[in-house]
Amino acid sequence: MYYCDPRLQYPVRTDKPDPFYARLLQQAIGGVEGEIRVCLQYFFQAWGQRGPKKYRDMLLNTATEEIGHIEMLSTAVALNLEGAPVAQQELAAGDPVAGAVLRGMNPRHLLSAGLAALPENSDGVPFNCSHVYASGNTAADMYANVAAESTGRVLACRLYSLTDDPGMKDMWSFLIARDTMHQQQWLAVIEELGGYKDQLPIPNSFPQSNENTKFSYVYFQNSVDNGAPVTGRFTEGPSLDGKGEFQSQKNVPLGQEPTLASPKPNGFAQKEQMSVMGKVTSALKNLV
């Protein structure tokens with residue numbers, strides 16, 4: 001069960017409305033780095049969480065906070081639109097060329113939403129949940145959350161730098177700070193679970209003895225020339241989980257060249273395919 005308060009989580013104001021900036025704000029709402037993504041990601045991770053209850057509670061609380069962020073950004077979109085000259089809004093909506101000239105205002109903000117936000121990115125592509133990750137593995141989900149908050153904070157910093165509006169900068173100063181906290185809290189869970197040494201490789205419940213451990217800590221060099229190989233922390237020294245030593249070697253083919261059987265008659269390939277493949281298969285059988 002969820003509750004709501006009519007007041008915003010943090011004040012949102014615009015000193016100088018900007019329809020083009022309203023379009024940019026859409027990326028923070030419905031883009032792959034945006035608030036809809038992390039909100040749904042945390043909710044689905046929480047609803048499927050099996051393990052210590054505190055992690056489910058933490059995810060639910062943070063997901064609920066993200067609803068408030070969507071509300072803030074949607075309010076920011078509306079405020080940036082409602083103060084724009086009506087003539088410009090109508091012109092942009094009625095003529096795509098004029099809309100492009102008028103700093104790229106999204107005509108759908110007027111045509112489809114009546115000067116309000118939409119659940120889409122800055123290009124008008126609806127959010128489709130393809131970047132919502134909820135694996136049921138706590139460590140995997142925490143790393144996914146760190147990545148989500150990191151790319152979200154990058155986007156927020158870019159949007160902060162793209163406006164001179166004091167109200168928008170104040171809003172972003174709050175949201176960027178929350179991204180900082182969320183990165184920290186997901187990493188804190190990893191530490192609380194024993195740190196990356198205990199958690200890696202993910203899942204740590206799979207016996208590594210079932211791996212071909214010869215390749216578990218080898219960095220493959222795929223260069224075709226004789227230049228200097230790539231070197232770094234990932235090519236030598238102890239592995240981060242403390243269970244092996246990094247090595248580096250040139251990647252060479254270890255398998256065979258694939259040979260497929262002839263097409264099935266009811267697959268309706270060309271006759272030439274069937275005859276050629278049949279000859280190849282027969283020749284290989286004769287060699288054996």
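Taken together, the values in this text are just the output of simple stated rules run on the coordinates, not laboratory data. Here the structure is a predicted model, which is why all the values come from computation and not from measurement. With ideal geometry, Cβ positions are generated from the backbone for all residues, glycine too; neighbour counts draw on all protein chains shown.
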**Prompt:** Exactly which chymotrypsin sites (Phe, Trp or Tyr not before Pro) in the range 1-32 are in a DSSP loop and have at most 13 other Cβ atoms within 10 Å?
**Reply:** Y2, Y3
**Prompt:** In the range 205-264, which GluC sites (Glu not before Pro) fall in coil by DSSP and have 15 or fewer other Cβ atoms within 10 Å?
**Reply:** E211, E236
**Item:** Calculated FRET efficiency for the pair R158/Q247, C-beta based, R₀ 25 Å, to 0.05
**Value:** 0.05
**Prompt:** In vacuo Debye scattering of the chain, one point per C-alpha: log10 I(q)/I(0) at q = 0.10, 0.13 Å⁻¹?
**Reply:** -0.78, -0.96
**Request:** With a/c under 1.5 counting as rounded, go ahead and sort the range 111-206 into rounded, prolate or oblate using the C-alpha gyration tensor (a ≥ b ≥ c being the square roots of the eigenvalues; past the cut-off, prolate if a/b is larger than b/c, else oblate).
**Result:** oblate
**Asked** For the charge dipole of the chain, defined by +1 on Lys and Arg C-beta atoms and -1 on Asp and Glu C-beta atoms about the Cα centroid, which residue among G51, H109, A76 has the Cα displaced farthest towards the positive pole?
**Response** G51
**Request:** Could you order peptides 24-31, 249-256, 70-77, 10-17 by the average number of other Cβ atoms within 10 Å of their residues, highest first?
**Result:** 24-31, 70-77, 10-17, 249-256
**Asked** Relative to the longest principal axis of the chain, what angle (0 to 90°, nearest 10) does the C-alpha long axis of helix 271-287 take?
**Response** 40 degrees
**Request:** Could you tell me the distance between the Cα centroids of the range 5-68 and the range 114-178, to the nearest Å?
**Result:** 8 Å
**Message:** Could you give the length gained by full extension between R50 and L8, i.e. 0.36 nm per residue of separation minus their alpha carbon distance, to one decimal place?
**Reply:** 11.9 nm
**Asked** What do you get when you divide the Cα radius of gyration of the range 140-288 by 2.2 N^0.38 Å, with N the number of residues?
**Response** 1.77
**Sites matching GluC sites (Glu not before Pro) across the range 110-204 that sit in DSSP coil, with at most 10 neighbouring C-beta atoms within 10 Å** = none
**Prompt:** Treating the beta-carbon of each Lys and Arg as +1 and of each Asp and Glu as -1, no other charges, what is the dipole magnitude of the range 19-197 about its Cα centre, to the nearest 20 debye?
**Reply:** 440 debye
**F20/S135 FRET efficiency (R0 41 Å; Cβ-Cβ; nearest 0.05)** = 0.60
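Evaluate the charge dipole of the range 208-250 about its Cα centre and quote only its size in Debye, nearest 20, assuming +1 on the Cβ of each Lys and Arg and -1 on the Cβ of each Asp and Glu. Intermediate values should be presented prior to the final figure.
Details: 4 positive and 5 negative charges, 6 e Å.
Roughly 20 debye, rounded to the nearest 20.
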**Asked** Once the Cα atoms of helix 35-47 and of the chain are each reduced to a long axis, what angle between those two axes, in degrees from 0 to 90 to the nearest 10, is obtained?
**Response** 60 degrees
**Out-of-range pairs (alpha-carbon distance over 32 Å; input K214/K264; K53/K214; K53/K243)** = K214/K264; K53/K214
